[in-house]
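These notes are about the structure you will find just below.
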Amino acid sequence: MTLSFAGFSDAGGAYTQDMNLRFACQPGCTKCCNVQGYVYITEENLRQMAKYTGLPVKTFERKYVVRFRHVLRLRKPRNSQCHFLTEEGCSVHPVKPVQCRLYPFWPELVEERANWEKERKVCPGIGKGELIQIGAACETAAEMKTAYPTIYPDRAAQKEGLKL
């Protein structure tokens, strides 16, 4: 399998081979959980989170999930970004949604150096830890596209063999 990485070149604003792509989640940090936006989940995330919390799937969905035609997302509580974020961290960490598990290796961050650098100002783990190969970062970003095809429609079209 050959991976292409749109930003891996000498073009302005792109990654180059000599750049360091590093990330290590920092103990006790929940900054990524407190950014504005929604947490999208998959059907599998829904089942896993319901089981983990001890709720039937239908009950969990009624209480914590907003279902649209092709997208599921967690409801936002009034005064925080996520029902499952506590002072100790994520209360569903072992079964956290794909979006949370893959952060910061989201396509929009990995594929554009400027976005990665902007995210570095929010996330203290970016720039720390082991060197991550561009190919590995791209594979992780591809997981995001596979998990959320309606959010990343280009990946769904590629999977079906369609040209955009």
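Kindly indicate whether ARG113 is charged (D, E, K, R), in contact (Cβ under 8 Å) with a residue 60 or more places away in the chain, in contact with a Phe, Trp or Tyr (Cβ under 7 Å, 6 or more places away or on another chain) and surrounded by 13 or more Cβ atoms within 10 Å (Cβ to Cβ). Yes.
Condition check ((1) of a type in the set (Ser, Thr, Tyr); (2) farther than 13 Å from LEU21 by Cβ) across all residues:
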{"position": "ARG73", "(1), (2)": "no, yes"}
{"position": "ARG78", "(1), (2)": "no, yes"}
{"position": "HIS83", "(1), (2)": "no, yes"}
{"position": "SER91", "(1), (2)": "yes, yes"}
{"position": "ARG101", "(1), (2)": "no, yes"}
{"position": "ASN115", "(1), (2)": "no, no"}
{"position": "GLY125", "(1), (2)": "no, no"}
{"position": "GLY129", "(1), (2)": "no, no"}
{"position": "THR140", "(1), (2)": "yes, no"}
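Please tell me if THR42 is surrounded by 12 or more Cβ atoms within 10 Å (Cβ to Cβ) and farther than 25 Å from THR146 by Cα. No. For region 134-147, a residue qualifies if it is of a type outside the set (D, E, K, R) and touching a helix residue (DSSP H, G or I) at 6+ places or on another chain (Cβ under 9 Å), and the qualifying residues are ILE134, ALA137, CYS138, THR140, ALA141, ALA142, MET144, THR146, ALA147.
Please work out if PRO107 is modelled with pLDDT of 90 or more and touching a His at 6+ places or on another chain (Cβ under 6 Å). No; evaluated as a whole, the condition is false for this residue.
Considering ARG78, ARG73, ARG101, the condition of being assigned to a strand (DSSP E or B) and closer than 26 Å to CYS123 by Cβ is satisfied by ARG73 alone.
Per-residue answers, yes or no, for (1) under 16 Å from GLN26 (Cβ atoms); (2) of a type outside the set (Lys, Arg); (3) touching a strand residue (DSSP E or B) at 6+ places or on another chain (Cβ under 6 Å):
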{"site": "TRP106", "(1), (2), (3)": "no, yes, no"}
{"site": "ALA114", "(1), (2), (3)": "no, yes, no"}
{"site": "LYS118", "(1), (2), (3)": "no, no, no"}
{"site": "GLY125", "(1), (2), (3)": "yes, yes, yes"}
{"site": "GLU130", "(1), (2), (3)": "yes, yes, no"}
{"site": "ILE134", "(1), (2), (3)": "no, yes, yes"}
{"site": "ALA137", "(1), (2), (3)": "no, yes, no"}
{"site": "THR146", "(1), (2), (3)": "no, yes, no"}
{"site": "TYR152", "(1), (2), (3)": "no, yes, no"}
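The values are calculated or read from the model by the stated rules, or taken from the named source; none is laboratory data. A quick note: this is a predicted structure, and the numbers were derived from the prediction, not measured. Positions of Cβ are backbone-derived with ideal geometry, glycine not excepted, and every protein chain shown enters the neighbour counts.
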